[in-house]
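Heads up, the thing below is written out as structure tokens.
The values are calculated or read from the model by the stated rules, or taken from the named source; none is laboratory data. Because the structure is a prediction, the values reported are computed rather than measured. Note: ideal-geometry Cβ built from the backbone for every residue, glycine included; neighbour counts use all protein chains shown. For the accessible areas, the whole protein counts, side chains as well, though only heavy atoms, and no ligand, DNA or RNA atoms are used. Shrake-Rupley method; radii C 1.70, N 1.55, O 1.52, S 1.80 Å.
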Amino acid sequence: MLVCCRSRNPKAPIFASPAKREENNTEARILMVASIKSKKITDNMGKRGRAAVVVLGDIGRSPRMQYHALSLAQQASLDVDVVAYGGSNPHNALLENPSIHLHKMKPIVFRGLPKVLLMLLLPVKALMQFFMLLWFLCAKIPPPDVFLVQNPPSVPTLFAVKLASWWRNSTIIIDWHNFGYTLLALSLGRNHILVKIYYWFERHFGRKANGSFCVTKAMQHELARNWGIKATVVYDRPPEFFHCSSLQEKHELFCRLNNDLIHPHGIRDCVCYGRGISETDPHVGNTIFTTQESGEVSLKPNRPALIVSSTSWTADEDFGLLLEAAVLYDRRVSAILHEDDSVHDKLLWKEISDGKQYLYPRLLFIITGKGPDREKYEKQMKRLHLKRVAFRTMWLPAEDYPLMLGSADLGICLHASSSGLDLPMKVVDMFGCGLPVCALSFSCIEELVTVEENGLLFSSSSDLADNLLTLFKDFPDGCSTLNSLREGALAKGASTRWATEWEQQALPLIAEATSDKTE
């Protein structure tokens, strides 16, 4: 066998010294062992091992873990059990994959209680979650070869998974999205005793894992230097279903959403003014952005600029910045155009409805997502009464969200990392659809956004307003800066997709974990 391997080594000369022949023999042995090990891993992966994806949250609002589950099933050829809360529907690709099995836990929610009492009940809630997790991980699902767990939340997830891995003789891989203790510190402060306990818990049990993924090089460095954890960077990348929307896809999307866009409850603004009830009929062929005649779809020249932001409506995203920027944009455009303050809004809206175009367009902000602060900001939006800016909030199905990004003109990211070490996945999705971004600046955001290439950064509402004025001057045909950023976003999104990133960075660790279990 060794003779055969040596004879196939193209670098081995026919006549060589004994020392050279021994070197060639050693090289051949190494190649043979590597080949056998590679084949063994491949064979073991073909035995349909099993992985459990654990999310103490709504799986429909955890896109990265959905992509992990799909890759485990498709690229690692594993059966996958997803243990998570229900709520929002995940992507159809997850629901339709026969190798992926969803196990939905019931969220534990205390409603109608004072904030002080809710804080006192946090240990009770964590204890209830702990026993529920243990039941699912130790009894409800088949024994997995590997647990892939999302962090945060860390409490009680990491401890429950550690016990389950001991009971089921499984390995653990943690996918570090951020640090849980820094998120808790947003509401309690860094010096609070609960934050310090959380930090100890997260660090202690984080080090018990057999492997780790993380989302940035900065986080990888922090985990290695201060936590003693070796992590592999698996960047968020857009999957294939994020792409630029065609004109037909845009028109069909806007037809489906037309009623929500032009007839929002209790709102009269520059977008819904003058819109008749007939425009809610998708068969009419007319939306605020598109028109269809004789089967041909076209964009309206005096359409609003469409700006999209997605959010969980939590404390790490201050939408007050966006509202202030909208007010500044509205006032600055009026000043630039020398508009008399006495001119009634409805007169301006009628001119726009009749087809008149201005140097600066109307802006329609569509903000997607669910979360605790949504109602608070919706009330603030209704009180603004702006001339050229309108807001809509909505929750989009998983299949419509990429279409919305692919139909928009600009994406806004207000993510302020609690740790300063994670990156907003929404920006990755936007680039996948060729959508340029304006993103709030923080320490490692430039690992993702390259200024004046695929987006712009801002640090204040005034900065954001300036960016909007720069990008949308002479919209839609004369926006050279916006068009240049769009080309950069397209190139960034096309450079690496999720499947490629996952195969290169995540699959080796998954293969090692599952091959060890199936040997």
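Worth a mention:
- PRO239 meets each of the listed conditions (1) in contact with a strand residue (DSSP E or B) (Cβ under 9 Å, 6 or more places away or on another chain); (2) within 22 Å of GLU503 (Cα to Cα) apart from (1).
- Consider segment 75-98 and keep the residues that are without any contact (Cβ under 8 Å) to a residue 60 or more places away in the chain and in a helix (DSSP H, G or I). The one that is nearest to ALA499 (Cα to Cα) is LEU94.
- Test: residue in segment 26-33 that is at pLDDT below 95, farther than 21 Å from LEU137 by Cβ, out of contact with any strand residue (DSSP E or B) (no Cβ under 9 Å at 6 or more places or on another chain) and buried (at least 18 other Cβ atoms within 10 Å of the Cβ): yes
- For ILE510, the conditions (1) of a type outside the set (Gly, Ala, Ser); (2) open to solvent by 10 Å² or more (accessible area, probe 1.4 Å); (3) farther than 19 Å from VAL308 by Cα; (4) under 25 Å from the mean Cα position of the chain (by Cα) all hold with the exception of (2).
- Residue count, segment 168-186 (criterion: closer than 15 Å to SER419 by Cβ, in a helix (DSSP H, G or I) and open to solvent by 10 Å² or more (accessible area, probe 1.4 Å)): 5
- Of the residues making up segment 77-93, those that are surrounded by 23 or more Cβ atoms within 10 Å (Cβ to Cβ) and either in contact with an Asp or Glu (Cβ under 9 Å, 6 or more places away or on another chain) or more than 16 Å from ILE173 (Cβ to Cβ) (or both) are LEU78, ALA84, PRO90.
- Selection count, segment 284-311, where residues are open to solvent by 10 Å² or more (accessible area, probe 1.4 Å) and in a loop (DSSP other than H, G, I, E, B): 8
Quick grid of which residues meet (1) within 26 Å of the chain's Cα centre (by Cα); (2) farther than 30 Å from PHE241 by Cα; (3) modelled with pLDDT under 95:
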{"residue": "GLN74", "(1), (2), (3)": "yes, no, no"}
{"residue": "ASP81", "(1), (2), (3)": "yes, no, no"}
{"residue": "ASN92", "(1), (2), (3)": "yes, no, yes"}
{"residue": "ASN97", "(1), (2), (3)": "yes, no, no"}
{"residue": "ARG111", "(1), (2), (3)": "no, yes, yes"}
{"residue": "MET128", "(1), (2), (3)": "no, yes, yes"}
{"residue": "LEU134", "(1), (2), (3)": "no, yes, no"}
{"residue": "PHE147", "(1), (2), (3)": "yes, no, no"}
{"residue": "ASN151", "(1), (2), (3)": "yes, no, no"}
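- Every pair of residues 6+ apart whose Cβ atoms lie under 7 Å, when the first sits in segment 479-506 and is within 30 Å of ALA305 (Cα to Cα) and of a type in the set (S, T, N, Q) while the second is open to solvent by 70 Å² or more (accessible area, probe 1.4 Å) and part of a helix (DSSP H, G or I): THR481/THR470
- Residues within segment 223-234 that are within 21 Å of PRO424 (Cβ to Cβ) and in contact with a helix residue (DSSP H, G or I) (Cβ under 6 Å, 6 or more places away or on another chain), tallied: 4
- All conditions in (1) out of contact with any Phe, Trp or Tyr (no Cβ under 8 Å at 6 or more places or on another chain); (2) at pLDDT below 80; (3) not in a loop (DSSP other than H, G, I, E, B) hold for ARG331, with the sole exception of (2).
- Applying the condition of being farther than 12 Å from GLY411 by Cβ and small (Gly, Ala, Ser) to segment 422-448 and asking which residue is least open to solvent (accessible area, probe 1.4 Å) yields SER441.
- When SER417, SER443, SER480 are checked against the criterion of being under 14 Å from the mean Cα position of the chain (by Cα) and among the polar types (S, T, N, Q), SER417 stands alone in meeting it.
- Which numbered condition HIS103 fails, given (1) of a type outside the set (Lys, Arg); (2) at pLDDT below 95; (3) open to solvent by 10 Å² or more (accessible area, probe 1.4 Å): (2)
- Scanning segment 479-491 for residues that are part of a loop (DSSP other than H, G, I, E, B) and surrounded by fewer than 19 Cβ atoms within 10 Å (Cβ to Cβ) returns no hits.
- Within segment 312-328, if we keep just the residues that are part of a helix (DSSP H, G or I) and closer than 11 Å to LEU414 by Cβ, the residue that is modelled with the lowest pLDDT turns out to be GLY320.
- Residue ID - surrounded by the fewest Cβ atoms within 10 Å (Cβ to Cβ), chosen from residues in segment 122-167 that are of a type in the set (D, E, K, R) and assigned to a helix (DSSP H, G or I): LYS140
- Scanning segment 463-478 for residues that are open to solvent by less than 40 Å² (accessible area, probe 1.4 Å) and either in contact with a strand residue (DSSP E or B) (Cβ under 9 Å, 6 or more places away or on another chain) or touching a residue at least 60 places away in the same chain (Cβ under 8 Å) (or both) gives LEU464, ALA465, ASN467, LEU468, LEU469, LEU471, PHE472, PHE475, PRO476.
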